[in-house]
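**Student:** Below is a structure I'd like to ask you about.
The values are calculated or read from the model by the stated rules, or taken from the named source; none is laboratory data. Here the structure is a predicted model, which means the values were calculated and not measured. Here the Cβ is made from the backbone with ideal geometry for all residues, glycine too, and neighbour counts use every protein chain on show.
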Amino acid sequence: MSKLYVGNLSYDVTENDLNDLFSPKGEVVSVKIISDHQSGRSKGFGFVEMSSKEESEAVISAFNGYDLKGRPLRVNESIDKPRRKSRDGGGGGRRW
């Protein structure tokens, strides 16, 4: 499987929209649009998993810059970021 970053999404683009757009280029394994935890509104980007690297390359070639609902998509290979450290304050320091 190969994961893609899809950015510059219009706020009214749905996961089904992306699935329908990308599926002619290959098998879409999963689609996830990232939303704000408080408002539930789209943050304007998401991730799509295709079943192969070749299919991902076809999607990038076909849809990077493609106008979807008035915005040019930014589609490229997703790069996994290392997890952030917890901000819970733990760490064995002394408490007075």
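**Student:** Those residues that are surrounded by fewer than 17 Cβ atoms within 10 Å (Cβ to Cβ) and in a loop (DSSP other than H, G, I, E, B), I need them from the range 1-14; list them, please.
**Tutor:** Selection gives MET1, ASN8, SER10, TYR11, ASP12, THR14.
**Student:** Please specify each residue of the range 54-69 satisfying the condition of being touching a Ser or Thr at 6+ places or on another chain (Cβ under 6 Å) and closer than 23 Å to TYR11 by Cβ.
**Tutor:** LYS69
**Student:** Something else now. So, in the range 15-58, exactly how many residues are surrounded by 14 or more Cβ atoms within 10 Å (Cβ to Cβ) and part of a loop (DSSP other than H, G, I, E, B)?
**Tutor:** Of the residues in the range 15-58, 1 are surrounded by 14 or more Cβ atoms within 10 Å (Cβ to Cβ) and part of a loop (DSSP other than H, G, I, E, B).
**Student:** Next up: Return the pairs, sorted by first residue and then second, in which the second residue is part of a helix (DSSP H, G or I) and at pLDDT 95 or above, the first residue lies in the range 17-43 and is aromatic (Phe, Trp, Tyr), the beta carbons are less than 8 Å apart, and the residues are 6+ apart or on different chains.
**Tutor:** Pairs that qualify, where the first residue is aromatic (Phe, Trp, Tyr) and the partner is part of a helix (DSSP H, G or I) and at pLDDT 95 or above, are PHE22/VAL59; PHE22/PHE63.
**Student:** Limited to the range 1-31, what total is found for residues that are touching a helix residue (DSSP H, G or I) at 6+ places or on another chain (Cβ under 6 Å) and closer than 15 Å to GLU77 by Cα? Give the steps one after another, and end with the answer.
**Tutor:** Looking only at the range 1-31, we keep the residues that are touching a helix residue (DSSP H, G or I) at 6+ places or on another chain (Cβ under 6 Å), and these are 2, 4, 22, 25-26, 28, 31.
Okay, now just the ones that are also closer than 15 Å to GLU77 by Cα, so 2, 4, 22, 28, 31.
Of the residues in the range 1-31, 5 are touching a helix residue (DSSP H, G or I) at 6+ places or on another chain (Cβ under 6 Å) and closer than 15 Å to GLU77 by Cα.
**Student:** Which of the residues that make up the range 70-89 are under 22 Å from VAL13 (Cα atoms), of a type outside the set (A, V, I, L, M) and under 17 Å from the mean Cα position of the chain (by Cα)?
**Tutor:** Residues satisfying the conditions are ARG71, PRO72, ARG74, ASN76, GLU77, SER78.
**Student:** In addition: With the checklist (1) modelled with pLDDT of 95 or more; (2) on the phi > 0 side of the Ramachandran plot; (3) not aromatic (Phe, Trp, Tyr) in hand, flag the one item LYS32 doesn't pass.
**Tutor:** It fails just one condition, (2).
**Student:** Could you check the range 59-76 and list, in sequence order, the residues that are surrounded by 13 or more Cβ atoms within 10 Å (Cβ to Cβ) and part of a helix (DSSP H, G or I)?
**Tutor:** Hits for the range 59-76 are VAL59, ILE60, ALA62, PHE63.
**Student:** Scan the range 11-61 for residues that are under 21 Å from ARG71 (Cα atoms) and small (Gly, Ala, Ser) and jot them down.
**Tutor:** If the condition is that a residue be under 21 Å from ARG71 (Cα atoms) and small (Gly, Ala, Ser), then SER23, SER35, GLY40, SER42, GLY44, GLY46, SER56, ALA58, SER61 are the ones that fit.
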